[in-house]
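Heads up: the structure comes next, in structure tokens.
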Ligand code: SF4
């Protein structure tokens, strides 16, 4: 952790109880959606979080924003010279602090209220948090609309007249109107066409440079994440398996799961031989994860130690962390 860190997450766990059926419901087990995740994010940088569906990406993002209850761990938000323990905030303190952390949703169609005008949608966080007097809100809405390249005339319209890309600009404006320092982008471009995806990614990068934002960019698409992220973390069944600066991860992925994800990225280079790694089986059940290395049921390099012992989270290059028993063999 350095002075420029904005979010520091240590050993975060989010376990959901599984209740029995019947009148007297008892807890029978837990779905370990996030199970001991640690990382830090620097100011004005982007951490890409990738993994298959069900790996715990969205749960992790929402737990950091305090939209979900956490089971264990710490989340420290560095606000200037002040350290804020996010899990220690409750009630009004938490509500007031929410202006610093916002979420951009995946689905720009479902996340906008069809009965509200664009002006009212963008202004809603300011009105809920009572950040400015009423007569100042219109000016703030116009300011953020211009930054997000929304036509001022459109503020009087309703969401149904807009395309997916325009709607996502509105969602971004709504998230940024409180001037947060940290934003979770949860599959923020996954529902859009490829050309519109590029447009929105460019807008997010531009806004990051202008406003000094830090992003946690959640996606299942490594190619999209590569365009925006300073570093990338790979999540598998609730645990990080690799975290590295983006160029290092693409140049030399060390974990077999990361290598499999990278090999599956489609390419238009017809000279490149496509040899996607074929992973056996599906993602394990997070309520009953495999012993030892959680990836051992699908890993082509599995050995006895993998089934028995949990691999240590170790640094194998500058800021390049991997959890794998056989990582030395993949370094050459
Ligand atoms: S620890 Fe073993 S099973 Fe897990 S990724 Fe490494 S080689 Fe594969």
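The values are calculated or read from the model by the stated rules, or taken from the named source; none is laboratory data. Note that the structure is predicted; figures quoted are calculated from it, not measured. Neighbour counts are summed over all protein chains in view; Cβ atoms, including those assigned to glycine, are modelled from backbone coordinates with ideal geometry.
A residue that is free of Cβ contacts under 8 Å to residues at least 12 places away in the same chain and over 30 Å from residue 312 (Cβ atoms) occurs somewhere in region 185-194.
Selection over region 124-139 of residues that are assigned to a helix (DSSP H, G or I) and within 27 Å of the chain's Cα centre (by Cα) gives a count of 6. Are any of the residues in region 47-66 surrounded by 14 or more Cβ atoms within 10 Å (Cβ to Cβ), in contact with a helix residue (DSSP H, G or I) (Cβ under 8 Å, 6 or more places away or on another chain), touching a residue at least 12 places away in the same chain (Cβ under 8 Å) and over 20 Å from residue 33 (Cα atoms)? Checked region 47-66: no residue is surrounded by 14 or more Cβ atoms within 10 Å (Cβ to Cβ), in contact with a helix residue (DSSP H, G or I) (Cβ under 8 Å, 6 or more places away or on another chain), touching a residue at least 12 places away in the same chain (Cβ under 8 Å) and over 20 Å from residue 33 (Cα atoms). Taken across region 319-331, residues that are more than 7 Å from the ligand (Cβ to nearest atom), over 25 Å from the mean Cα position of the chain (by Cα) and free of Cβ contacts under 8 Å to residues at least 40 places away in the same chain do occur, with at least one present. Residue count for region 252-295 under the criterion of being modelled with pLDDT of 90 or more, within 14 Å of the ligand (Cβ to nearest atom) and either under 24 Å from the mean Cα position of the chain (by Cα) or closer than 16 Å to residue 52 by Cβ (or both): the result is 15.
Restricting attention to region 159-181, the residues that are part of a loop (DSSP other than H, G, I, E, B) and at pLDDT below 95 total 2.
Of all residue pairs spaced 6 or more apart or on separate chains, those with beta-carbon atoms under 6 Å, a first member in region 85-112 that is closer than 20 Å to residue 211 by Cα and a second member that is in a strand (DSSP E or B) are 101/182; 102/183; 103/184; 104/185. Listed conditions (1) part of a loop (DSSP other than H, G, I, E, B); (2) surrounded by fewer than 17 Cβ atoms within 10 Å (Cβ to Cβ) are all met by residue 328, apart from (1). The set of residues in region 93-118 being in contact with a strand residue (DSSP E or B) (Cβ under 8 Å, 6 or more places away or on another chain) and assigned to a helix (DSSP H, G or I) consists of 97, 100.
In region 300-312, the condition of being in contact (Cβ under 8 Å) with a residue 24 or more places away in the chain and within 11 Å of the ligand (Cβ to nearest atom) is met by at least one residue.
Of all the residues in region 51-84, those that are within 19 Å of residue 235 (Cα to Cα) and assigned to a strand (DSSP E or B) number 4. In the set 48, 29, only one residue is over 17 Å from the mean Cα position of the chain (by Cα) and assigned to a strand (DSSP E or B); that residue is 29.
Under 28 Å from residue 48 (Cβ atoms) and either in a loop (DSSP other than H, G, I, E, B) or more than 21 Å from the chain's Cα centre (by Cα) (or both), is that true of residue 121? Against the criterion (under 28 Å from residue 48 (Cβ atoms) and either in a loop (DSSP other than H, G, I, E, B) or more than 21 Å from the chain's Cα centre (by Cα) (or both)), residue 121 qualifies.
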